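Here is the structure we will look at, set down as structure tokens.
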Amino acid sequence: MCGIIGCIGEAAAQPFLIEGLGRLEYRGYDSAGVAIWNGKDIETRKTVGRVSRLAATLNDSPIDGDTGISHTRWATHGAVTEQNAHPHFDDSGRLALVHNGVLENHKALRDGLIERGHNFVSQTDTEVLAHLIGETFDISPVQNREALVAAVKSALGQALGTYGIGLLHADTGRFLIAARKGSPLIVGFGDGGQFLSSDVDAIADWVNEVVYLEDGDIAALDGDHFEVHRVSGEEAATPAPVRVEAPPVREGKGRYAHFMHKEIHEQPETLREAMKGRFDREGATATFSGLQRTNEELREWHRIVLTGCGTTYHAALAGESLIEAMARIPVECEYASEFRYRNVPLDSRTAVFAMSQSGETADTIAALRESKRKGAPTLGICNNVISTIARESEGGIGLRAGLEIGVAATKTFTSQVVALSMLGLLLGRIRDLPHAEGMDIIRGLESLPELVARVLELDEEISHIAAKYVSARNFLFMGRQANFPIALEGALKMKEISYIPASGYPSAELKHGVIALVNDETPSIFLAPQDGVYEKNLSNIEEVKARKGPVIAVGTEGDETLASLCDDVILLPQVPDFLAPVLNVIPLQLFAYHTAVALGCDVDKPKNLAKSVTVE
Ligand code: F6R
């Protein structure tokens, strides 16, 4: 993961580096560092913790210089310490390097370097690259910019794995090198200078044009010029820059204490946006111009694969039953992290949807590329529509949920489920879903924002219920059918922000093992709306109660049976089954949120996590 910002400015580099890093903190926030060329040497500052700590250090002890690189880290190799924070240096201390990615052969390279007399100060894979480049550069007869590019080429030619790197050398002064393979890296051009960044948004305020580096590119920048070389040594044409869209509006937390809480409450609006202009009432269907497929082409699909990670995978699971019910087309969900190692059977009539909020999840990008290689039509479902997945897929659906800053995904989950419901409607209507049923689905989906707003009114009530269970050391989440993925998602939310172990199961699986965990200290949260499996859920609740397990149920308004059976109930409006997953996840998001707040956890930046997982 990790975020990289580099800058050759017209003015001081430090403010750009710090502000840009702050915007990249979603990629990791365990430590941060900068290296700036002060006109003679390279000065560095590193701190463990958030970018704000690095900013405070630089405030007390600024570095003067217009050329620099910086990094915010999510540890892969080596503990979270100042030594392991980037930038890393070669033995001369004159070459500084930042890296995003994982070098798979770092051990062999490190052993060779140690044998040749190099001294390592960190446990990172990154430091290997700094030494390797420095070694070749130092023995070059002329130590100029060309020699530095050649040294980078030679070192990267030996590196296996993924990298996005930024590098500067005191002997080549106002000069930056960037290279990528597998990890994103962008070069930007603006009035204030030239920039490097892991994403466009971080530098969008300062640049008019950008170049998305390709795998195997090495870019050289000197403040005026920009050229591209290839690690392979082949000739490379300098790519034409593309214009940058206005950056997404960065709003504050408003009246909320945390972005996560604000984003939960934004859901009526984000769902409205996800659906806006996408219903065709005459045809009783949904339309997505971004899919770039005619109905004839869509009818060719005989199978759909949805792939994604984490919360996004749970949205895929919820979408699986929705699409199958509406379109009668087989849907399979694959963890993107398993996809390329599983040899998933694919063909030209199996559409693969790579789903990702960020559009930059390394595993999902790999799944997309693997699907392309196997000749499947590849589509993206992304919130960030200028991301790698959005660019590399043949078409797709934008979620339009706006920036999601809380690390725990909330509003993008419900937008993903709604997007998949609309996809189910579209595919159903070109197969055998009747017009009247299509209209019922449209009316149902259109009623969702208002229903979600009603559920959000239960916020305070849910915070009181959460307060009763904060001392729990384990939670079980249960649901059936399309509510099973919601149980998984409720458990994930609880784990990631409150650090309380929690697991999600199909309710009927209880007696196949999980019931062993039930006792008077382990609360079970049941999703038990009055649907076709309501009675079955009631039996499962009885089984838990018989073993003294506390039960919190999410049910339907007016359900007195549930209220009398359970310790606590959260009652939601009655809705058709296909809307239940979106509605039912809201109380679980709020329950996890209030539990984490009560425990004093850092809700928006939970430990060990990052918003965008850009390493395998
Ligand atoms: C959990 C969470 C993660 C992401 C996962 C995929 O709250 O946010 O589990 O859902 O890392 O991220 P995207 O959707 O950006 O590919």
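The values are calculated or read from the model by the stated rules, or taken from the named source; none is laboratory data. Computed from a predicted model, the values in this text were never measured in an experiment. Don't worry about glycine lacking a Cβ; one is built from the backbone with ideal geometry, like all the others, and counts go over all protein chains shown. What goes into the accessible areas is simple: the full protein's heavy atoms, side chains included, and nothing from ligands, DNA or RNA. Shrake-Rupley method; radii C 1.70, N 1.55, O 1.52, S 1.80 Å.
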Residues satisfying the stated conditions in the stretch 180-211, i.e. among the aromatic types (Phe, Trp, Tyr), within 18 Å of residue 239 (Cα to Cα) and open to solvent by 10 Å² or more (accessible area, probe 1.4 Å): 189
Looking at the structure I just gave you, is residue 328 touching an Asp or Glu at 6+ places or on another chain (Cβ under 8 Å) and closer than 23 Å to residue 392 by Cα? no
Determine whether the stretch 528-546 contains at least one residue that is in a helix (DSSP H, G or I), touching a Phe, Trp or Tyr at 6+ places or on another chain (Cβ under 8 Å), open to solvent by less than 10 Å² (accessible area, probe 1.4 Å) and within 16 Å of the ligand (Cβ to nearest atom). no
Hey, does the stretch 596-610 have a residue that's among the hydrophobic types (A, V, I, L, M, F, W, C), part of a loop (DSSP other than H, G, I, E, B), open to solvent by less than 20 Å² (accessible area, probe 1.4 Å) and within 30 Å of residue 30 (Cβ to Cβ)? yes
Is one or more of the residues making up the stretch 497-520 in contact with a Pro (Cβ under 8 Å, 6 or more places away or on another chain) and in a helix (DSSP H, G or I)? yes
Among the listed residues 292, 357, identify the single one that is within 16 Å of the ligand (Cβ to nearest atom) and either assigned by TED's automatic domain parsing to the domain that holds residue 426 or basic (Lys, Arg) (or both). 357
Residue satisfying condition, being in contact with a strand residue (DSSP E or B) (Cβ under 8 Å, 6 or more places away or on another chain), of a type outside the set (Val, Ile, Thr) and at pLDDT 95 or above, within set 326, 355: 355
Mind checking which residues of the stretch 134-156 are in contact with a Ser or Thr (Cβ under 8 Å, 6 or more places away or on another chain) and in a helix (DSSP H, G or I)? 134, 136, 138, 145, 147, 148, 150, 151, 154, 155
Among the residues of the stretch 556-564, are any open to solvent by 40 Å² or more (accessible area, probe 1.4 Å), free of Cβ contacts under 8 Å to residues at least 40 places away in the same chain and within 16 Å of the ligand (Cβ to nearest atom)? no
Note on the stretch 322-354: residues within 13 Å of the ligand (Cβ to nearest atom) and not aromatic (Phe, Trp, Tyr) are 336, 337, 354
Taking the stretch 521-543 and keeping residues closer than 13 Å to residue 566 by Cα and in contact (Cβ under 8 Å) with a residue 24 or more places away in the chain leaves 523, 524, 525, 526, 527, 528, 537, 538, 540, 541, 543
How many residues are assigned to a strand (DSSP E or B) and within 16 Å of the ligand (Cβ to nearest atom) if we restrict to the stretch 476-496? 1
Filter the stretch 393-439 down to the residues that are within 16 Å of the ligand (Cβ to nearest atom), more than 14 Å from residue 355 (Cβ to Cβ) and modelled with pLDDT of 95 or more, then identify the one that is most open to solvent (accessible area, probe 1.4 Å). 400
Single match in 330, 345 (criterion: in contact (Cβ under 8 Å) with a residue 12 or more places away in the chain, open to solvent by 10 Å² or more (accessible area, probe 1.4 Å) and assigned by TED's automatic domain parsing to the domain that holds residue 445): 330
